[in-house]
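The block underneath contains the structure these notes are about, expressed in structure tokens.
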Amino acid sequence: MTKKTTLDLTGMHCASCSTLINRALDRVDGVEKANVNLTTNKATVEYDDNKVEIKNLIEAVKKKGYGAKVAAEKEDYDKEAKLRKKEIDDLKFQFYFGMIFAVPVFILGMFFMKTPIAYQDLIMGLLATPVQFFVGWPMYKSAWNALKGFSANMDTLIVMGTSAAYFYSVYALVSGQGHVYFEASAVLITIVVFGRLLEAKAKGKTSEAIKRLIGLKPKTAIVLRDGKELEINVDDVVLGDILIVKPGEKLPVDGIIVEGHTSIDESMVTGESMPVEKKKGDTVVGATINKHGSFQFKATKVGANTTISQIIKLIEDAQGSKAPIQRFADNVAAYFVPGVLTIALITFFTWYLYIGKDFRFSLIASVAVLVIACPCALGLATPTAIMVGTGKGAKNGILIKGGEALETAHKIKSVILDKTGTITKGKPEVTDIISIDKKSTEIEILTISASLEKGSEHPLADAIVNMGKKDKIDFKKTTNFKAIPGYGITGTIGKTKYYLGNLKLMEDKKINLDFPLDRMYLLEEHGKTVMVLSDEKNVIGLVGVADNIKKNSQKAISQLKKMRIKVYMITGDNERTAKAIASRVGVNKYFAHVLPHEKADYVKKLQKKGHVAMVGDGINDAPALAQSDIGIAMGSGTDVAMETGDIVLMKDDLLDVVKAIKLSRMTMNKIRQNMFWALFYNTLGIPVAAGLFFPFMLNPMIAGAAMALSSVSVVSNSLLLRLQKL
């Protein structure tokens with residue numbers, strides 16, 4: 001029988017670590033599928049429990065030098081946060097410790113070469129030693145684990161190169177012959193630790209997002225049992241319980257209204273800014289907010305089955321299913337390292353045994369091979385470009401969470417845009433005021449409507465009242481105000497009774513509807529909500545309210561199309577509104593009536609055709625943001641969306657989606673160029689160092705200079721990214 005388990009892993013710090021563990025789990029007999037996630041430090045394993053036990057999986061991981069245990073059913077996010085903080089603190093200590101010793105070694109090695117001070121080489125050796133074996137110890141351990149797994153990683157390159165430089169320098173120091181390279185090993189190890197510190201800070205955003213979601217769930221609920229109102233823990237609510245919700249309270253669980261009517265703010269679930277009118281028989285969702293009116297509802301989904309709990313689960317699953325990026329440098333290392341090591345050994349034995357050169361000559365030749373192949377530039381190629389790229393993004397209000405997002409964004413084939421708060425402003429505004437009776441002016445219609453709505457808490461009311469304040473109208477005193485849920489409002493101004501609401505209200509009050517209804521329908525076709533104003537007999541005017549499109553939405557969508565990226569719009573709104581908004585901004589394909597969990601499903605479908613970016617701002621977008629290859633959160637959105645997104649647009653401008661993808665493409669071009677420069681000197685220098693062109697050979701000093709030149713080329717090329725325009 002196939003079972004699924006999740007393991008918590010410890011000891012991982014690079015993509016090759018996760019690949020190593022993945023291979024180890026895949027090789028266990030009975031394992032059907034294993035997925036190791038570097039970001040969450042978890043492994044999801046599907047296995048046949050008739051062939052393998054969980055303890056066998058844990059043992060397979062431990063054999064590779066990493067820790068593993070079964071993940072707890074209920075995540076302890078506070079504990080995870082503490083572990084992340086400890087990891088960051090440890091890396092900070094290693095970095096600062098390395099800096100204390102590496103900086104003086106670098107100064108001595110680079111600026112006092114021609115006029116050395118007394119005992120300079122000895123001082124450099126003493127300073128470099130703690131960096132090599134204390135700060136570099138995790139790299140030695142990682143390289144050893146890779147070796148045990150018959151593979152090579154970035155640490156293998158670093159350990160091999162720095163060890164060659166360090167131990168040759170020790171030999172040169174003791175023998176008094178040759179140049180020392182202590183500064184090369186000490187500085188490289190310190191830079192690598194700094195890069196890992198930056199990566200550690202970018203990791204682990206999932207649990208923070210989920211913690212915020214959990215915080216939205218109410219802790220208690222009021223239930224009706226044996227005719228009494230009891231306040232109980234929300235976890236104690238059972239199916240069939242009758243719950244009471246008062247104005248301003250959050251709903252504890254999902255259910256169906258059995259008594260009362262109200263309007264509920266469901267924006268955290270649907271993403272739509274306008275509260276939804278609810279009456280007996282309508283479904284309600286846990287963690288949404290009751291705006292006004294008390295009501296009773298029957299619990300239909302509790303605990304892990306509620307909508308908010310399902311959203312949390314979707315985020316966890318989407319994050320856990322992301323395969324780690326296998327960095328190009330690690331792929332190079334898998335072939336490059338064994339090749340260089342073999343060439344170095346062949347060089348030594350060829351000169352020493354076959355040609356008959358002395359031990360010192362043969363050793364210098366083989367060390368020259370290792371030094372010229374030292375991966376300083378290869379180790380700098382990606383992080384320097386990413387550091388400059390993310391810095392450039394930050395200056396432009398584009399916050400990119402780590403290198404993976406920057407590396408992945410250039411592959412995007414499709415972009416899905418949420419409607420409310422992303423394409424549109426997410427806040428209702430009055431767009432049209434139309435006089436029907438020909439006697440009332442627009443300002444008179446606004447004055448009556450705003451005066452009536454001043455006593456209402458509905459978002460549409462806010463839009464009308466705000467318009468009145470903006471136009472500095474003279475608000476009239478309203479008496480006998482009454483909200484009619486699902487229909488509108490009524491109130492008396494002076495001696496006249498007015499109604500403001502939908503057509504159903506007009507029909508119910510038997511108002512004369514002999515006016516051109518096509519004017520109202522035209523507004524609705526443009527995605528606007530229309531409210532009808534009347535006295536007790538006739539319609540006076542129409543007020544159109546809409547969630548207006550943001551300034552640059554259309555321009556951004558046009559530019560995305562020019563970049564050969566397919567653009568889709570997704571919304572929980574109705575077909576008519578979705579079609580109206582999509583046509584106005586130039587989106588050819590859209591998905592309407594989409595529920596939160598369905599958004600992630602649409603992302604999955606499009607991912608079959610290529611990499612997908614999801615752009616959103618609400619909690620309801622969080623699962624889709626997590627499922628997508630790149631989640632882009634609008635800066636004005638919820639904290640959860642911003643935590644879940646890989647990229648956050650602080651200026652809340654869709655044009656920054658275009659800029660973010662352009663920045664990724666530019667950065668990836670720099671990385672490819674850097675990889676060329678990183679390997680060019682090494683590949684060209686290896687045969688020269690090995691003595692293929694004897695008597696012309698590279699001694700370790702020249703090899704070290706070539707290695708340094710390679711690093712300078714890479715860093716300089718990365719810095720040029722700052723000059724490019726987005």
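Bear in mind these aren't lab numbers, they're just calculated from the coordinates by the rules spelled out. Here the structure is a predicted model, which is why all the values come from computation and not from measurement. Virtual Cβ from ideal backbone geometry, glycine too; neighbours counted across all protein chains shown.
Brief remarks follow.
- Distance between modelled label sites at LEU692 and LEU239, nm, 7 Å Cα→Cβ extension: 7.3
- ASN305 versus ARG672: modelled label distance in nm, points set 7 Å from Cα along the beta carbon direction: 5.3
- Separation in nanometres of the label points that stand 7 Å from Cα toward Cβ, at LEU595 and LYS469: 3.7
- Cβ-Cβ distance of LYS246 and ARG23, R₀ of 41 Å, FRET efficiency by 1/(1 + (r/R0)^6): the value works out to about 0.10.
- If R0 equals 60 Å, the separation of the Cβ atoms of GLU259 and LYS62 corresponds to a calculated FRET efficiency of about 0.55.
- With a Förster radius of 22 Å applied to the beta-carbon distance between ALA394 and ARG564, the computed FRET efficiency rounds to 0.20.
- Sorted on the mean count of surrounding Cβ atoms within 10 Å across their residues, most packed first, peptides 287-294, 609-616, 124-131 read 609-616, 124-131, 287-294.
- Cβ-placed point charges (K, R +1; D, E -1), dipole of the stretch 468-567 about Cα centre in debye, nearest 20: 760
- Rounded to the nearest 20, the size of the Cβ-charge dipole of the stretch 420-533 about its Cα centre is 480 debye, with Lys and Arg at +1 and Asp and Glu at -1.
- Extension reserve of the ILE117-MET1 stretch, reckoned as 0.36 nm per residue once the Cα distance is removed: 34.6 nm
- Extension gain for LEU353 to ASP508 (0.36 nm times residue separation, less C-alpha to C-alpha distance): 45.2 nm.
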